[in-house]
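Participant: Just passing along the structure, written as structure tokens.
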Amino acid sequence: MSEVAVTLAEGASSVASGSSDAVKVDGDTVTISAAGTYRLSGSLSDGQVVVAAGEEDVVRIILDGADVTSSTGSPFVVQSANEAIVFLEDGTSNALSDAATYADQGEDAPNSALYSMADLTVAGAGSLAVDVNYNDGISAKDGLVLAAGTVKVDAADDGIVGKDYAVLLDGAFQVTAGDDGFTSDNEEDEGRGWVLINGGTLNVSAGDDGIKAFNTLTIAAGTATVEESEEGLEAQHIVMSGGTANVTSNDDGVNASGGSTGTTDSQGGMGGGGMGVARWPRAITRWKSPAARSPSIRRATAWTPTATPRSAAAR
């Protein structure tokens, strides 16, 4: 399937003629309803991009100089899909900005500028600025993978949130948050709520915790810098097996309530349970072999806009 070009424009957003019937334009709301690759360019000063695809659909959206602002809620919402990949085109600058108050504040309503009910991956060599006036910056209600890109998030509440897990593989991410900076907050499902930093750079200034996992926080590679926080690194278990962590905090620099272990350079004091043996969730142990990574992460790291799409059986 070839990619579908979508041009965003005030009251005149359009889809390349004859390219797809899976994109609907209603005023300044653009809705994508099927698997495929969609290239978005242009701007909306008060609009929204919505993904409402099937439960087995993988939707790839290339942001190619796209700027979307909403005055009523979130500018980018993944309502349904198996997985959404937001790919930042090389050499382009992209931006998302939300409203100060959301019209829909129901239980499952969006609460972030880039919001996904499905697994979400951010990739590509371009840049993205996320300006948040209401609540969170980037939020995935399943898993979140940051595979590449230069991304700046300025959020009123939490900066970047992956409910089941939050993973940084590569790229440069800068987060300013009124509450937690980079976090995974699933407290209900066993083996969920974990954070992995396995490459890239992550700079965080947070009003509360800098980098936080409900379960296990692992730093295996890359550089994590918490420039400002109440507690720098916080989780039940903290594993530092590589990379570098630089932490500035008002309270504990590293707070592992269930134990921590480390072999890398870090700055900041130990809090909570102090040193101990960390338990690794099953999902984290899979990272020891790149070939054994989950399908969503394999797709995120291998796919480019010019790659030949794979069949559902190959995913």
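Participant: Tally the residues that are in a strand (DSSP E or B) and under 15 Å from VAL49 (Cα atoms), restricting the search to segment 96-119.
Facilitator: So the count comes out to 7.
Participant: Still on this structure, I have one more. Hey, could you check segment 122-164 for residues that are assigned to a loop (DSSP other than H, G, I, E, B) and charged (D, E, K, R) and say which is farthest from SER80 (Cα to Cα)?
Facilitator: ASP157
Participant: Pairs needed: first member in segment 171-188, in contact (Cβ under 8 Å) with a residue 24 or more places away in the chain; second member anywhere, among the hydroxyl-bearing types (Ser, Thr, Tyr) and in a strand (DSSP E or B); C-beta distance under 6 Å; at least 6 residues apart or different chains.
Facilitator: Pairs found: ALA172/THR150; ALA172/THR201; THR176/SER205; SER184/TYR165.
Participant: How many residues are outside any strand (DSSP E or B), within 13 Å of LEU96 (Cα to Cα) and of a type outside the set (S, T, N, Q) when one looks only at segment 61-85?
Facilitator: 2
Participant: Being of a type in the set (S, T, N, Q), within 12 Å of LYS212 (Cα to Cα) and part of a strand (DSSP E or B) is the filter here; which residues of segment 168-198 pass it?
Facilitator: Within segment 168-198, THR183, SER184 meet the criteria.
Participant: Now a separate question. Can you tell me which of (1) under 23 Å from SER205 (Cβ atoms); (2) surrounded by fewer than 24 Cβ atoms within 10 Å (Cβ to Cβ) is the one ALA118 doesn't meet?
Facilitator: ALA118 satisfies all of (1) under 23 Å from SER205 (Cβ atoms); (2) surrounded by fewer than 24 Cβ atoms within 10 Å (Cβ to Cβ) except (1).
Participant: Name the pairs: first residue in segment 37-60 and over 13 Å from ALA9 (Cβ atoms) and part of a loop (DSSP other than H, G, I, E, B), second residue of a type in the set (Phe, Trp, Tyr) and modelled with pLDDT under 95, Cβ to Cβ under 8 Å, at least 6 apart or on different chains?
Facilitator: No pair meets every condition.
Participant: So, one more: Contact list please: Cβ distance under 7 Å, first residue in segment 241-252 and touching a residue at least 12 places away in the same chain (Cβ under 8 Å), second residue of a type in the set (D, E, K, R) and in a loop (DSSP other than H, G, I, E, B), pairs at least six apart or on different chains.
Facilitator: The qualifying pairs are SER249/GLU230; ASN250/GLU230; ASP251/GLU230.
Participant: I'd like the residue in segment 45-85 that is closer than 19 Å to ASN135 by Cβ and of a type in the set (Val, Ile, Thr) and, out of all such residues, is surrounded by the fewest Cβ atoms within 10 Å (Cβ to Cβ).
Facilitator: The extreme case among them is THR72.
Rundown of residues vs (1) touching a helix residue (DSSP H, G or I) at 6+ places or on another chain (Cβ under 9 Å); (2) under 24 Å from GLY126 (Cα atoms); (3) of a type in the set (Ser, Thr, Tyr), yes/no style:
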residue: GLU188; (1), (2), (3): no, no, no
residue: ARG192; (1), (2), (3): yes, no, no
residue: GLY199; (1), (2), (3): no, yes, no
residue: ASP209; (1), (2), (3): no, no, no
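The values are calculated or read from the model by the stated rules, or taken from the named source; none is laboratory data. As the structure is a prediction and not an experimental result, all values here were calculated from the model. Neighbour counts are summed over all protein chains in view; Cβ atoms, including those assigned to glycine, are modelled from backbone coordinates with ideal geometry.
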